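These notes concern the structure reproduced below.
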Amino acid sequence: MRVRVSVAAAMVALLSGCAAMRAAQMEANAKEKAESCKQRQSVMAAKNQEAIATFLTGKSIADKLPLGGKKVTYEMLNSKETPLSAESNELMQYRDLRAKILSDSTGWWMDCAPKEVSTAFLDSSRQTLALYRDLAMSRLTFGQAAERLDKIAQDYETNLPSLMQQARSREQQEWSQAEAAQAARDQAAAAAFAAGMASVPRPQPVYIQPVQVPAYRAPTQTTCNKFGNQVNCTTY
């Protein structure tokens with residue numbers, strides 16, 4: 001019984017240590033991933049901003065739409081104009097640029113952003129690309145396009161906190177489920193180990209027969225022999 005208790009205590013301590021090690025490793029991995037994603041985002045953002053700013057320099061569409069981080073204005077929203085031929089070309093070129101940026105950044109969004117957020121961002125980006133095409137084809141006025149671009153951006157920003165909360169809840173649930181599954185596997189392994197230990201034959205005591213010593217017998221006879229003047233006697 002004492003052996004079983006000792007084995008059980010040892011397994012409990014071992015499982016506790018393993019869980020702590022897993023938690024520490026997960027935290028370290030999360031920090032490493034966050035740092036890597038932050039660096040990738042910084043490089044990506046700088047590259048994209050430079051490409052967009054370079055393209056929009058000297059383009060008339062830059063003053064008619066909220067592009068490149070520019071805020072929507074009253075003048076933009078009230079424009080009844082449709083694109084001229086040159087502006088349509090600019091819009092399609094800009095659409096191609098934004099499509100390339102989106103394609104290049106998809107890996108980051110899939111690797112580093114919660115799927116709820118990445119799905120919303122990619123969806124809003126596709127809506128924006130479709131809007132550039134429709135405007136280039138004069139299906140919209142600049143004012144209508146500016147309004148829709150602003151709405152797409154505002155909807156994404158408004159929904160972002162809720163999406164982040166959903167992501168945190170999902171990740172916590174997934175982590176809890178993974179921990180429970182791992183704990184079940186650990187307990188099964190511990191039970192199998194304990195059962196194996198219990199089935200091992202225990203050492204049996206070995207008894208050594210003591211050496212048999214003849215019982216003491218008191219002398220019963222004396223014999224004497226005389227050699228000259230000397231007498232030798234033996235008792236037995």
Problem set entry | Of all residues in the stretch 99-113 being touching a residue at least 40 places away in the same chain (Cβ under 8 Å) and of a type outside the set (A, V, I, L, M), the one that is surrounded by the most Cβ atoms within 10 Å (Cβ to Cβ) | 105
Exercise. Does residue 198 fit the bill of being in contact (Cβ under 8 Å) with a residue 60 or more places away in the chain, surrounded by 12 or more Cβ atoms within 10 Å (Cβ to Cβ) and of a type in the set (A, V, I, L, M)?
Worked result: no
Problem set entry | Test: residue in the stretch 155-176 that is touching a Lys or Arg at 6+ places or on another chain (Cβ under 7 Å) and part of a helix (DSSP H, G or I) | no
Exercise. Of the residues that make up the stretch 48-59, is at least one of a type in the set (D, E, K, R), touching a helix residue (DSSP H, G or I) at 6+ places or on another chain (Cβ under 7 Å) and in contact (Cβ under 8 Å) with a residue 40 or more places away in the chain?
Worked result: no
Exercise. Within the stretch 135-158, is even one residue farther than 30 Å from residue 88 by Cα and modelled with pLDDT of 95 or more?
Worked result: yes
Exercise. Quick one: in the stretch 30-65, which of the residues that are in a loop (DSSP other than H, G, I, E, B) and either surrounded by 10 or more Cβ atoms within 10 Å (Cβ to Cβ) or among the acidic types (Asp, Glu) (or both) is nearest to the chain's Cα centre (by Cα)?
Worked result: 65
Problem set entry | Complete set of residues in the stretch 143-157 that are without any contact (Cβ under 8 Å) to a residue 40 or more places away in the chain and surrounded by 11 or more Cβ atoms within 10 Å (Cβ to Cβ) | 144, 148, 151, 152, 154, 155, 156
Seminar exercise, completed: The lone condition residue 68 fails out of (1) at pLDDT below 95; (2) outside any loop (DSSP other than H, G, I, E, B); (3) within 19 Å of residue 143 (Cα to Cα) is (2)
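The values are calculated or read from the model by the stated rules, or taken from the named source; none is laboratory data. The model shown is predicted, which means the values in this text are computed figures rather than measured ones. Note that we place each Cβ from the backbone using ideal geometry, even for glycine, and neighbour counts take in every protein chain shown.
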